[in-house]
Amino acid sequence: MIIAFVNQKGGVGKTTLALHIASELAKGGKRVTLIDADPQGSALDWSQLRHHCDYPRRFSVIGLPRETLHLEVPDIARSSDHVVIDGPPRVTALTRSAILASDLVLIPVQPSAFDVWASEEIVDLVKEARMFKPTIRAGFVANRVVVGTIIGRALRAPLRRLDIATLDTEVCQRVVFAECSSSGRLANELDKNSLAAREMVLLAEEIRELAP
Ligand SMILES: Nc1ncnc2c1ncn2[C@@H]1O[C@H](COP(=O)(O)OP(=O)(O)OP(=O)(O)O)[C@@H](O)[C@H]1O
Ligand SMILES: [Mg+2]
């Protein structure tokens, strides 16, 4: 399965979700390759930090911020059970290529009207890519939902209008996730019993059902 996390809006959680889902999919000895398609290289930085700290390697991370991603990913996918693409900010040829390379496109969105409006552009790109590859599946993932608010639910109605389903699993705003990027760790390594770790298990389960 090839999954891309894309949204041209910066800071919505593409890298955070991509790293955690790659790790979840790697459980049980599956070979997972995370492709860092962001020229900023945040996933590569995270993986390098892990290497320096001698933390266990859960999946491979390669940097491939190229517009030819869709041509190169099939080769990489042949030697992996799953490929997870961490997309770049901004709509570029690179984002188009990441979408075209994928079986499942996941669009992290924060629960604000601005984020929903900003997603329209990505939805158009998915529709465009489906003209070449009609099998591409897509879904929104609500991220940074503030615990106890109903904003998460309010987000669903406008997203539905965009004709792409929103996954049931919502990821909340949690300090553990913020610590992951600076520490080179994953939520379940920082706190195995955290709600953050649990959310990633549930999100991965839902993703497996969408694209087995
Ligand atoms: N659910 C969350 N709870 C708390 N912090 C979060 C959550 N999701 C992401 N963050 C934090 O928000 C910041 C941006 O997240 P991330 O880097 O994953 O976004 P991105 O979409 O990949 O950004 P960019 O477009 O710059 O690549 C990071 O510091 C990350 O730790
Ligand atoms: Mg990122």
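Can you give me the Cα centroid spacing of the stretch 75-112 and the stretch 1-60 in angstrom?
Value for the Cα centre distance between the two parts: 12 Å.
By the scheme Lys and Arg +1, Asp and Glu -1, what is the net charge of all other residues having a beta-carbon under 11 Å from that of SER80?
Net local charge, SER80 excluded: +1.
For every helix of n ≥ 4 consecutive DSSP H residues, a contribution of -39,500 (n - 2.57) applies; sum these over the chain, divide by its total residues, and give [θ] at 222 nm rounded to the nearest 500 deg cm²/dmol.
-14500 deg cm²/dmol
Just order 158-166, 83-91 by mean Cβ neighbour count inside 10 Å, highest at the front, would you?
Highest-to-lowest ranking by the protection proxy: 83-91, 158-166.
Over all Cα pairs of the stretch 36-101, how is the pair count split among 5 Å bins, expressed in % and running from 0 up to the last occupied bin?
3, 18, 26, 22, 17, 9, 4, 0
Which whole-number percent is the relative contact order of the stretch 2-210 (Cα, under 8 Å, 6+ apart)?
Relative contact order comes out at 24 percent.
Sort all Cα-Cα distances of the stretch 57-157 into consecutive 5 angstrom bins from zero, then give the percent of pairs in each bin up to the one containing the longest distance.
Using 5 Å bins, I get a P(r) of 2, 11, 21, 21, 17, 13, 9, 5, 1 for the stretch 57-157.
P(r) for the chain: what percent of alpha-carbon pairs falls in each 10 Å bin, starting at zero?
Taking every Cα pair in the chain, the percentages come to 9, 38, 39, 13, 1.
Place the peptides 72-80, 201-209 in order of packing, highest mean first, counting for every residue the other Cβ atoms within 10 Å and averaging per peptide.
So the order, starting with the most tightly packed, is 201-209, 72-80.
Could you give the Stokes-Einstein D for the stretch 1-81 in µm² per second, using the C-alpha Kirkwood radius, 25 °C, 0.890 mPa s?
185
What FRET efficiency do you get for ARG130 and VAL91 if R0 is 22 Å and r is their Cβ-Cβ distance, rounded to the nearest 0.05?
The calculated FRET efficiency here is 0.85.
Quick one: THR169, THR149, THR16, fewest Cβ neighbours within 10 Å first, how do they rank?
THR149, THR169, THR16
Quick note: the coordinates plus some simple rules give every number you see, no bench work behind them. This structure is a prediction, so every number in the text was calculated from the model and none was measured. Ideal geometry is used to build each Cβ from the backbone, glycine not excepted, and the neighbour counts take in all protein chains shown.
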